[in-house]
Amino acid sequence: MKRSYKKIVRRGIPIKFQFNHGNAFAFYFSDPEGNLIEVYWRTGLEYPQPFAQATDLTKTEEDLLEELKVLTSQKDSTSAPLRKKSPDAAKQSAAADSWPL
């Protein structure tokens with residue numbers, strides 16, 4: 001997934017969202033016709049869905065795995081934020097909440 005992410009970024013294609021879903025890390029971009037494309041990597045963990053926490057896929061694999069470890073160690077991860085959201089993360093979370101599922 002990180003190789004695909006880097007390839008998309010190198011081509012100048014804007015990344016719309018980057019999320020830690022607990023059960024997967026994912027990023028989203030639009031194809032030339034405007035269709036939203038998701039690329040994801042399954043973590044192998046079960047996690048209550050729907051869930052989307054903004055993340056930064058330029059982090060090292062070790063940092064992403066640590067983020068996942070922190071997330072999955074939360075007692076009630078559906079109601080307690082893991083950390084204060086940045087303005088960009090808040091926008092991404094709000095956009096994810098408005099997606100039709």
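The values are calculated or read from the model by the stated rules, or taken from the named source; none is laboratory data. Because the structure is predicted, anything quoted here is derived from the model rather than measured. All Cβ positions, glycine included, derive from the backbone under ideal geometry; neighbour counts span all protein chains shown.
For the stretch 1-42, how many residues meet the condition of being in a strand (DSSP E or B), among the hydrophobic types (A, V, I, L, M, F, W, C) and farther than 28 Å from Ser73 by Cβ?
3
If you check Asp31, Asp63, which single one turns out to be acidic (Asp, Glu) and surrounded by 12 or more Cβ atoms within 10 Å (Cβ to Cβ)?
On the way: Asp31 fails: surrounded by 12 or more Cβ atoms within 10 Å (Cβ to Cβ).
On inspection, the qualifying residue turns out to be Asp63.
Only one of these is modelled with pLDDT under 95 and out of contact with any Gly (no Cβ under 9 Å at 6 or more places or on another chain): Trp41, Trp99. Name it. Even if it seems obvious, please write down each step before you answer.
On the way: Trp41 fails: modelled with pLDDT under 95.
The unique qualifying residue is Trp99.
Which one is modelled with the lowest pLDDT among residues in the stretch 68-96 that are closer than 14 Å to Asn23 by Cβ and surrounded by 12 or more Cβ atoms within 10 Å (Cβ to Cβ)?
Ser77
Name the pairs: first residue in the stretch 39-56 and within 7 Å of Asn23 (Cβ to Cβ) and in contact (Cβ under 8 Å) with a residue 24 or more places away in the chain, second residue outside any loop (DSSP other than H, G, I, E, B) and of a type outside the set (Lys, Arg), Cβ to Cβ under 8 Å, at least 6 apart or on different chains?
Thr43/Ala24; Thr43/Phe25; Thr43/Leu68; Leu45/Leu68; Leu45/Thr72; Tyr47/Leu71; Tyr47/Thr72
Could you give me the residue pairs with C-beta distances under 6 Å whose first residue belongs to the stretch 11-24 and is within 23 Å of Thr60 (Cβ to Cβ) and modelled with pLDDT of 95 or more, whose second residue is surrounded by fewer than 20 Cβ atoms within 10 Å (Cβ to Cβ) and among the basic types (Lys, Arg) wherever it lies, and which are 6+ apart or on separate chains?
Ala24/Arg42
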